[in-house]
Structure formats: structure tokens, C-alpha cells
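The structure under discussion appears below in the form of C-alpha cells.
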Amino acid sequence: MNFKNSKTMYEEAVKYLPAGVNSPVRAFRQVGGHPIFIKHAEGCYIYDVDNNSYLDFCNSWGPLITGHRHPKIISAIEKQIKHSLTLGIPNELEVELAKRVIDKIKQKNTHHPKNSLCKFWNRSCDECNSFSKRIYKQK
């Protein structure tokens, strides 16, 4: 495999980013060499700047469970983007999503409480720890 362009990008990246990356896990220091730089992705494959292809087992740590650029996901994004890119305030779609989540949980769990609520986060550690403490204190 050829890694010439990734090596060049890495040499440029270390001028601006610690170890040339935004996460120590991507630095490759423990295994030698340099990181690969990804240019694009399609389905379950990612392609680096040297046109090498890889099977993507990471899937962005979960959000890309349908793969990269799935046609139904692209279509939904194109439809929604006409209304907004993102909203950090209450909106109709978050209510609809909460309804769907709760309905799915109730379908799978017949002993689920009737007064179920749903909360969405965009940060994992702080919010989850805070939520866990509140739940623990309620017991």
C-alpha cells in the first residue's frame, strides 16, 4: 500500500495539531509509523488520501450504523436542511423523535412505566454522570 500523501499530510498536521491529530489514539506512536488521512467514505468503506480502501469497523463510534452516505439518510438530510441545519431550542422534530423512542421501548417492554420521559444529550460524560447521580438519589 502507498502512504505517500498521508505521510505528507501528517508532516503538515504536526505543525498545527499535537502529534498531528485530535486524539492520542490516532497518533500511531505506540505502533510506529504515522496516521492515515481519510479523504472520503461510501457505505462500509473509507478511502485515504492515497486511494487505499479500508473496511470501516469504527463507524464514527456508532452514529454511522447504516454506513457512510446511506441514500435514505442523505435524502432525509436534504429534506431537513431546507428548514434548518440544527436547532438548540425546542422543536417539533425532537418531540416526534421522543415519541418514537418511547413507543419502541413500550413495544419491547410490557412492564414499562406509563409516564415515561425521554431526554437527548449531545455530551456523553458530564450529562450521563449527572443523570446517573440524580437517578441514584431518587432511590
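What pairs in K72/K119; K4/K39; K108/K137 have C-alpha atoms more than 18 Å from each other? Write out the running numbers ahead of the final one.
Working: K72/K119 25 Å; K4/K39 14 Å; K108/K137 27 Å.
Too far apart for the 18 Å limit: K72/K119; K108/K137.
Quick one: net charge around P35, please, counting Lys, Arg +1 and Asp, Glu -1 for every other residue with C-beta under 13 Å from its C-beta.
Values: positive: K7, R26, R29; negative: E11, E12, D48, D50.
Local net charge: -1.
Between S23 and S84, what's the calculated FRET efficiency when r is the beta-carbon distance and R0 is 25 Å? Round to 0.05.
Once rounded, the FRET efficiency stands at 0.30.
Counting only other residues whose beta carbon sits under 11 Å from that of D50, what net charge do I get with K and R as +1, D and E as -1?
Net charge around D50: +2.
How would you rank 33-43, 14-24, highest first, on the average number of other Cβ atoms within 10 Å across their residues?
33-43, 14-24
Please arrange I73, I89 by counting, for each residue, the other beta carbons lying within 10 Å of its beta carbon, fewest first.
The order, fewest Cβ neighbours first, is I89, I73.
So how much slack lies between K108 and F120, counting 0.36 nm per residue of separation and subtracting their Cα-Cα distance, in nm?
Net length gain for the segment: 2.3 nm.
How much net charge surrounds I74 when only the other residues with a Cβ under 15 Å from the Cβ of I74 are counted, with Lys and Arg +1 and Asp and Glu -1? Before the final figure, lay out the partial values.
Values: positive: R69, K72, K79, K82; negative: E42, E78.
Net of charged neighbours comes to +2.
How much FRET efficiency would the formula 1/(1 + (r/R0)^6) give for H70 and K137, where r is the Cβ-Cβ distance and R0 is 35 Å, rounded to 0.05? Please list the in-between numbers first.
Numbers: r = 41 Å, r/R0 = 1.17.
Step by step, r from the Cβ atoms, then E = 0.30.
Since every read-out is calculated from the coordinates, none of them should be taken as a lab result. Just so you know, these numbers come straight off a predicted model, no measurement behind them. Please note: Cβ atoms are built from the backbone with ideal geometry, for glycine as well, and neighbour counts cover all protein chains shown.
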